[in-house]
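Read through the structure below, which is laid out as structure tokens, and then see the notes.
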Amino acid sequence: MSKGLSRYKNVDSGFFLKSVLAAFITLIVLVLGQITYGINQLDILQKKIEESTSLQFEKLRLLSNAETVGVRRNASLIKMTLSKDEAERRHQYQEYVQYNNYAMNAIKQLLLLETNPKNKELLEKQAGKLQQVKRVQLEVISILQAGDIEAAKMLLLNSAIQQQNQVRDGFVNLRENQQNQVQIVLKKVQAEYESTRTAILWTGLVVTIAVVLISLAVLFRLKNHVSNIETELSDLKANQSKLHKRATRDALTGLANKSQLNRFIQQRIKKSNKAAFAVMYLDLDGFKKVNDEFGHAVGDRLLSLAAQRMQGMLRESDFIARVGGDEFIIILQSGDELELVGIIASQLIAFLGEPFSIGSIACKVGVSVGVAYYPMDGKDAGQLIHNADQAMYVAKRNGKNQYAEFDGSALEK
């Protein structure tokens, strides 16, 4: 009887040990399965993050390029109508063709990348508008080549520039819409990440209760993967911050760019209650000679130093932006000091006219300044900038290294 009981106990103990071993093996399989599942899900999510954000950032880059070259194309046309030198006109025409090709290529690439039907439709409409602008601009060039400079100027002012501004606004809207889509993608990825991480952690926690040592190994690996994903998300947020900075700041000088300038002027107009303020358009005289003689590195350093000089002369309430290669715009915000604009312009001309020391190289440039006033010379950002630009070209024609105020009556005559 005792032998039978002992045999029974041995059998029962063996069955128990086998059951525990089977359960332990089952738990190990679950842990390994959970590890494999977690790694695969995190890898899939990581690839999805990289692919989706890379695509969105590429679209933003193309839209920014299309907006920038559109403004440069218009600037080339304006310079063609103002220049009396045939060689300079040919040079500006070559730049115009180059910028036009850049814009069309950017649109084509965007259409290839875009999968959203609504966005694709907007891009196709924008391409149509770009073609319309191109036809008007080519007509300006044709009239200019025929020798009728005044007719070319009138067509440029009355049609080409207005249509180009509409195209530019279209690109601005598309880019802002694309930035919103980037935000949506990042939020969606963040939600998927949180959901995936929560599922993995809970499953790991349940398994940890059964097998501590195995669960510690699982949590260790899981922690590494979660840390990697968090690092990826942190990098993506940092990239988003950098992208926003690139979208609103000039990379070379750190000043505001054209997009930020337009936004600032519109906000200033809304808050001003029709209080006057001045828009100053500055273009460095002789910069191209420095660039050609000493190279782009010296030219870029000269632009940075010039930006620092201008910033040093301005007050905290004033605003400065770089809008082109060697072109800057300053907004003087204090409406009660508009009578001092001429003094400030003269001080800027004198200060920027002092030599720049770049290593062992001494560079000297001048500056032509055009001034337009709100609301007398324009009701919106585009009109104010355009009129200040026109005044700047008057200063250049009058001998450079001086300033001129916009005179609308002179254009009408």
Mind jotting down the three principal axis lengths of the stretch 259-395 based on Cα atoms? Whole angstrom, largest first. 50, 26, 24
Amide H of Gly325: which non-local residues (sequence gap of 5 or more, or other chain) have their own amide H closer than 5 Å, using H built in the peptide plane? none
Sorted by accessible area with a 1.4 angstrom probe, largest first, how do Val172, Val206, Val341 fall? Val206, Val172, Val341
Around Ser195, with a cut-off of 14 angstrom between Cβ atoms, what is the net charge of the other residues, counting Lys and Arg +1 and Asp and Glu -1? +2
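Could you compute the FRET efficiency for Lys108 and Ile39, with r as their C-beta to C-beta distance and R0 at 56 Å, rounded to 0.05?
Once rounded, the FRET efficiency stands at 0.90.
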Work out, step by step, the length gained on full extension between Leu27 and Ala276: first 0.36 nm times the residue separation, then minus their alpha carbon distance; give nm to one decimal. 82.0 nm
Links exceeding 23 Å between C-alpha atoms in this model, out of Lys59/Lys129; Lys125/Lys187; Lys79/Lys120; Lys84/Lys396; Lys125/Lys379; Lys47/Lys118, come to Lys125/Lys187; Lys79/Lys120; Lys125/Lys379; Lys47/Lys118
Take the alpha carbon atoms of the stretch 258-284, find their center, do the same for the stretch 113-153, and report the distance between the two centers in whole angstrom. 27
What is the Cα convex hull volume of the stretch 119-188 when expressed per residue in Å³? 65
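The values are calculated or read from the model by the stated rules, or taken from the named source; none is laboratory data. Quantities reported herein were computed from a predicted structural model and do not represent experimental measurements. No Cβ is skipped: glycine too gets one built from the backbone with ideal geometry, and neighbour counts run over all protein chains shown. For accessibility, only protein heavy atoms count, side chains too; no ligands or nucleic acids. Shrake-Rupley method; radii C 1.70, N 1.55, O 1.52, S 1.80 Å.
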